[in-house]
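We did not get these values from a lab; they are worked out from the coordinates using the rules stated. Worth saying up front: this structure is predicted, and the values here are computed from it rather than measured. Cβ sites come from the backbone with ideal geometry, for glycine too, and all protein chains shown count toward neighbours.
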Amino acid sequence: MGAAGNSLDQALLQGFQRDMRVIESPTWMVLHKLSMYIDCPYALLSVVEQLTARLINLLSSE
């Protein structure tokens, strides 16, 4: 899916969040991208990187 599909997905998600009063928070960051680990060796993590781009973290309480 291209950039246009992503912006449509974002617009639909934002509309759903607004209409249903759903609150989200940022997802976790993969360790190999944190500044303290940036120079450490790591394996190919393409699946993890794809998941972090698509995850939505819903709050469990207010």
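Yes/no per residue for (1) in a helix (DSSP H, G or I); (2) touching a helix residue (DSSP H, G or I) at 6+ places or on another chain (Cβ under 6 Å); (3) within 26 Å of Asn6 (Cβ to Cβ); (4) of a type in the set (D, E, K, R):
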{"site": "Met29", "(1), (2), (3), (4)": "no, no, yes, no"}
{"site": "His32", "(1), (2), (3), (4)": "yes, no, yes, no"}
{"site": "Asp39", "(1), (2), (3), (4)": "no, no, no, yes"}
{"site": "Leu44", "(1), (2), (3), (4)": "no, no, yes, no"}
{"site": "Val47", "(1), (2), (3), (4)": "yes, no, yes, no"}
{"site": "Gln50", "(1), (2), (3), (4)": "yes, no, yes, no"}
{"site": "Ala53", "(1), (2), (3), (4)": "yes, no, yes, no"}
{"site": "Ser60", "(1), (2), (3), (4)": "no, no, no, no"}
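If a residue has to be surrounded by fewer than 10 Cβ atoms within 10 Å (Cβ to Cβ), over 11 Å from the mean Cα position of the chain (by Cα) and not hydroxyl-bearing (Ser, Thr, Tyr) to count, how many in region 39-57 make the cut?
Qualifying residue count, region 39-57: 6.
State yes or no: is Gln17 surrounded by 10 or more Cβ atoms within 10 Å (Cβ to Cβ), in contact with a strand residue (DSSP E or B) (Cβ under 8 Å, 6 or more places away or on another chain) and in a helix (DSSP H, G or I)?
Working: surrounded by 10 or more Cβ atoms within 10 Å (Cβ to Cβ): yes; in contact with a strand residue (DSSP E or B) (Cβ under 8 Å, 6 or more places away or on another chain): yes; in a helix (DSSP H, G or I): yes.
Yes, satisfied.
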